[in-house]
Amino acid sequence: MGNCEMYENPSKCIVSSKSMECFMVLSTQAQKISIATLCGLFGTLCIFENCLVLYLIFSSPGTRRKPSYIFISSLALADLLASIIFVISFVNFHVFNETDSSKELFLLKLGGVNTSFTASLSSLLLMALDRYISISRPSKYKLLVTRKRAWTALGVLWVTCVATAFLPLMGWNCCTLNSACSKLFPFVDNNYLSTWICLVMVLLGCIVCAYARVLWMAHQHVAYMGKHQVHVGKQNTRMRMDVMLAKTLVMVLTVLVLCWLPALILMIYSIFVNLNNHLRKVFAFCSTLCLLNSMVNPIIYALRSKELYSSLRMCLSQCRRQLRTSNDSPEAESVHRSSMLETVREEDIHVL
């Protein structure tokens, strides 16, 4: 594996292709083929599904104006960027063993991956807060959550995620600080990795608390409505919609935790213990679960959101009509032309 001083001595940073090889833990061709297959499959489906979600949201005036779907579009954009950047950088590094990149280029790619995944998690937090306000203050929801405030929140979110993710590139790395390097990521400072893990855990905790509160309030309200049989009309219908959307977002959160938990546990473990090659191989495969999360999110939206599902059905029906029209176009065009000629001839005869 070449010179692995940077891994064997975490306080030493060696910027060279030999030191990068220490983190290329896939030793057999079968492992590389497995990683490439998983990344190719998950990445392709993720790109297609999230592009479809973005198209369905912004092609419909009714959905693109709602703050809740604005947050969903932010999540889809983050998952789309994560799939593209992660697959390209991950496959080039672990499968094709690309070692000619500099420290700055590697940290730039890593910053892109961290930005997209952190933005995905932060978008889930905004969606949780949106549902909490919707169910706790339904009468003031439209006044509190406006399109302007939604776009402002997304702007702050993305700027914060970019600034946090690119801190290693701006100087917070073990080479510049001559500090302890991570055992999982080249040139990454252990203190930065600890800070990023804490940020992720805080976001996950806030999302869990928000969704737990939303479901508890929804359960109490539904029980109250069923017991007293009051306001059975629009308010009850809206409550059922809020409960359904809350359950949808809980499903998204559950998938997120299950996909990220193995990688987070190994990250935390690597801070305190020197990982062997077997555990680092396990971490490489666990990292592909992040793509699985980004792939499952749009499927949950399509199954749980009636508006997106109806938009998808309309889109599919339009595609079918266009296909039928394109298949029948030569015959239809010839028939149309012959009928036009016959009409012109009849008009000429009548004129004569």
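The values are calculated or read from the model by the stated rules, or taken from the named source; none is laboratory data. All values reported here derive from a predicted model rather than from experimental measurement. Cβ coordinates were reconstructed from backbone atoms using ideal geometry, including for glycine residues, and neighbour counts include every protein chain displayed. When the accessible area is computed, the model is the full protein with side chains, heavy atoms only, and any ligands, DNA or RNA have been set aside. Shrake-Rupley method; radii C 1.70, N 1.55, O 1.52, S 1.80 Å.
Data table
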item: Filter result for S134 (open to solvent by less than 20 Å² (accessible area, probe 1.4 Å) and either more than 21 Å from N293 (Cα to Cα) or in contact with an Asp or Glu (Cβ under 8 Å, 6 or more places away or on another chain) (or both)); result: yes
item: Residue count, the stretch 248-268 (criterion: under 20 Å from L26 (Cβ atoms) and open to solvent by 10 Å² or more (accessible area, probe 1.4 Å)); result: 3
item: Lone unmet requirement of (1) open to solvent by 10 Å² or more (accessible area, probe 1.4 Å); (2) touching an Asp or Glu at 6+ places or on another chain (Cβ under 7 Å) for C174; result: (1)
item: Per-region count, the stretch 293-319, residues in a helix (DSSP H, G or I), buried (at least 17 other Cβ atoms within 10 Å of the Cβ) and not β-branched (V, I, T); result: 9
item: The one condition in (1) in contact with a Phe, Trp or Tyr (Cβ under 6 Å, 6 or more places away or on another chain); (2) within 30 Å of L279 (Cβ to Cβ); (3) open to solvent by less than 60 Å² (accessible area, probe 1.4 Å) that L203 fails to fulfil; result: (1)
item: So L107, is it more than 30 Å from A30 (Cβ to Cβ) and more than 20 Å from the chain's Cα centre (by Cα); result: yes
item: Residue tally, condition part of a helix (DSSP H, G or I) and over 16 Å from the mean Cα position of the chain (by Cα), over the stretch 267-292; result: 16
item: Subset of the stretch 67-118 that is in a helix (DSSP H, G or I), among the charged types (D, E, K, R) and at pLDDT below 90 - its residue that is surrounded by the fewest Cβ atoms within 10 Å (Cβ to Cβ); result: E104
item: Candidate set: the stretch 154-171, residues that are open to solvent by less than 30 Å² (accessible area, probe 1.4 Å) and either among the basic types (K, R) or not in a loop (DSSP other than H, G, I, E, B) (or both); chosen: the one farthest from F117 (Cα to Cα); result: L154
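Each row is one residue, and each column tells you yes or no for (1) under 23 Å from the mean Cα position of the chain (by Cα); (2) at pLDDT 75 or above; (3) among the aromatic types (F, W, Y).
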residue	(1), (2), (3)
C4	no, no, no
K18	no, no, no
I33	no, yes, no
A36	yes, yes, no
C46	yes, yes, no
Y55	yes, yes, yes
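A quick yes/no check of all residues on (1) in a helix (DSSP H, G or I); (2) under 22 Å from M127 (Cβ atoms); (3) modelled with pLDDT of 65 or more; (4) of a type in the set (A, V, I, L, M, F, W, C):
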site	(1), (2), (3), (4)
I197	yes, no, yes, yes
L204	yes, yes, yes, yes
V214	yes, yes, yes, yes
H221	yes, yes, yes, no
M239	yes, yes, no, yes
M251	yes, yes, yes, yes
L261	yes, yes, yes, yes
I265	yes, no, yes, yes
